[in-house]
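Undergrad: I'd like to ask you about the structure that follows.
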Amino acid sequence: MKSLPLALLATAFAAPALAYPVTVQSCDREVTFDAAPARAGSHDVNLTEMMLVLGLTDRMVGYTGISGWNRLDDDIRAGVAELPELAERYPSREVLIGADLDFWFAGWNYGMRVGGEVTPDTLAPFGIQVYELTESCIHIMPRDAVTIDDMYTDIRNLGRIFGVEARAEELISGWETDLAQITATIPDAEPVRVFVYDSGEDTPFTAGRLAMPTAMIQAAGGRNIMDDVDASWTRVAWEPVVERNPELVIIVNYGDVTAEQKIAFMKSNPAFAAMDAVRNDRFVVLDYVEATPGPRNIRAIATLAEAFRAR
């Protein structure tokens, strides 16, 4: 699907089209907006990119939590060029209040911590409404396994909140078409056994049943070997990883440890030598912005599907 550069979307889709008030579901809350937010912020690179593809930069006063972990590629750098980064990692409540936000798009472990100083409840008295990333709701409520539809839900809800529903539906329709074309090419075969390696040497940080990569892997014709772990992003022991013998390892690329260093660690560790993925040098690198809920998920599924076919 062809789309405008991120930097141009703000002017192309700037005018609200909906009547207010509008109410959306945000985890276990209903949030009502009497008007489109005018001084919005977002946390993390994937959530910020959702705002950018909807053309909302002219409604934003800044973003948080990107440069502390991620490097901006050209598209995102251009999209946020006029916006300040209010905090390199997790912002304090004072930072968000000081920026005079009226809206913050964040999530649990995406800018907010359960019991922390920055939550929907602590920001509400200062006129800051929060919409929570759907994938992150597991940290505060029971929920079913994550699906690609969760990303669509966030795009659709942001479209309603900001009065750009037509743009949201255009994006979702394009992604659905692209995904259908990808899944049509997947052979009818036993799913590829996949492990997601985010970080950590003593104990790996990985994606469980409730993290977006599990849905992406399944859509591409694989199976996350940790899909029985009833958690989102979490730590596990190496022993079950070795026992379940992944045929392919997804490396999540971000932070101070490079993807190459993570691959080198796995290939040099004798404990992993018999693992199919290591023996056959089967690694796929996904940038953090691809592996977390956001506009690049469908493109990443195509990358995984191609890698799985090559087993």
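The values are calculated or read from the model by the stated rules, or taken from the named source; none is laboratory data. Please read these numbers as outputs of a predicted model, since none were measured by experiment. All Cβ positions, even for glycine, are placed from backbone atoms using ideal geometry, and neighbour counts span all protein chains on display.
Undergrad: Considering only residues that are under 19 Å from the mean Cα position of the chain (by Cα) and farther than 13 Å from V146 by Cα, which ones fall in segment 224-248?
TA: Matches in segment 224-248: M226, T234, R235.
Undergrad: Residue check: is V61 farther than 16 Å from G159 by Cα and at pLDDT 95 or above?
TA: yes
Undergrad: Just to be sure before I move on: is L9 touching a helix residue (DSSP H, G or I) at 6+ places or on another chain (Cβ under 8 Å), at pLDDT below 95 and either more than 20 Å from D150 (Cβ to Cβ) or not in a helix (DSSP H, G or I) (or both) in the structure I sent?
TA: Against the criterion (touching a helix residue (DSSP H, G or I) at 6+ places or on another chain (Cβ under 8 Å), at pLDDT below 95 and either more than 20 Å from D150 (Cβ to Cβ) or not in a helix (DSSP H, G or I) (or both)), L9 qualifies.
Undergrad: Taking the residues in segment 135-158 that are part of a helix (DSSP H, G or I) and among the charged types (D, E, K, R) as candidates, determine which candidate is surrounded by the most Cβ atoms within 10 Å (Cβ to Cβ).
TA: E135
Undergrad: Next up: If I filter segment 124-139 down to residues being of a type outside the set (D, E, K, R) and in contact with a strand residue (DSSP E or B) (Cβ under 6 Å, 6 or more places away or on another chain), which single residue comes out as farthest from S232 (Cα to Cα)? It would help to see each step written out before you state the result.
TA: Initial filter on segment 124-139 (of a type outside the set (D, E, K, R)): 124-131, 133-134, 136-139.
Now narrow it down to the ones that are in contact with a strand residue (DSSP E or B) (Cβ under 6 Å, 6 or more places away or on another chain): 128-131, 133, 136, 139.
Numbers: I128: 27, Q129: 25, V130: 21, Y131: 19, L133: 13, S136: 8, H139: 8 Å.
Within segment 124-139, the match that is farthest from S232 (Cα to Cα) is I128.
Undergrad: Quick check on segment 43-65: of everything there that is assigned to a strand (DSSP E or B) and β-branched (V, I, T), which residue is surrounded by the most Cβ atoms within 10 Å (Cβ to Cβ)?
TA: Taking segment 43-65 as the starting set, the residues that turn out to be assigned to a strand (DSSP E or B) are 43, 60-64.
Still in the list and also β-branched (V, I, T): 61, 64.
On the way: V61: 17, T64: 28.
Looking at residues that are assigned to a strand (DSSP E or B) and β-branched (V, I, T), I get T64.
Undergrad: Is it the case, given these coordinates, that V24 is over 29 Å from T258 (Cβ atoms), of a type in the set (V, I, T), at pLDDT 95 or above and surrounded by 18 or more Cβ atoms within 10 Å (Cβ to Cβ)? Explain how you work it out, then say what you get.
TA: Numbers: over 29 Å from T258 (Cβ atoms): yes; of a type in the set (V, I, T): yes; at pLDDT 95 or above: yes; surrounded by 18 or more Cβ atoms within 10 Å (Cβ to Cβ): yes.
Yes: the conditions hold for V24.
Undergrad: Which of the following residues is farther than 22 Å from R296 by Cβ and of a type in the set (A, V, I, L, M): I76, I97?
TA: None of the others qualify; the one that does is I97.
Undergrad: Can you spot a residue in segment 106-116 that is more than 19 Å from D58 (Cβ to Cβ) and over 23 Å from the mean Cα position of the chain (by Cα)?
TA: Within segment 106-116, none of the residues are more than 19 Å from D58 (Cβ to Cβ) and over 23 Å from the mean Cα position of the chain (by Cα).
Undergrad: Taking only segment 252-272 into account, find how many residues are polar (S, T, N, Q) and in contact (Cβ under 8 Å) with a residue 40 or more places away in the chain.
TA: Adding up the residues that qualify gives 0.
Undergrad: Would you check if F103 is of a type in the set (F, W, Y), at pLDDT 95 or above and surrounded by fewer than 21 Cβ atoms within 10 Å (Cβ to Cβ)?
TA: no
Undergrad: Among residues belonging to segment 171-191 that are in a loop (DSSP other than H, G, I, E, B) and acidic (D, E), point out the one that is surrounded by the most Cβ atoms within 10 Å (Cβ to Cβ).
TA: So, considering only residues that are in a loop (DSSP other than H, G, I, E, B) and acidic (D, E), the one surrounded by the most Cβ atoms within 10 Å (Cβ to Cβ) is E190.
Undergrad: Please count how many residues of segment 24-42 are under 18 Å from the mean Cα position of the chain (by Cα), farther than 11 Å from L101 by Cβ and assigned to a strand (DSSP E or B).
TA: Within segment 24-42, residues that are under 18 Å from the mean Cα position of the chain (by Cα), farther than 11 Å from L101 by Cβ and assigned to a strand (DSSP E or B) number 1.
Undergrad: Filter segment 77-105 down to the residues that are over 20 Å from the mean Cα position of the chain (by Cα), of a type in the set (A, V, I, L, M, F, W, C) and in a helix (DSSP H, G or I) and list them by number.
TA: Hits for segment 77-105 are V95, L96, I97.
Undergrad: With E169, E94, E132 as the choices, which residue is modelled with pLDDT of 95 or more and within 21 Å of A291 (Cα to Cα)?
TA: Selected residue: E132, the only one of E169, E94, E132 that is modelled with pLDDT of 95 or more and within 21 Å of A291 (Cα to Cα).
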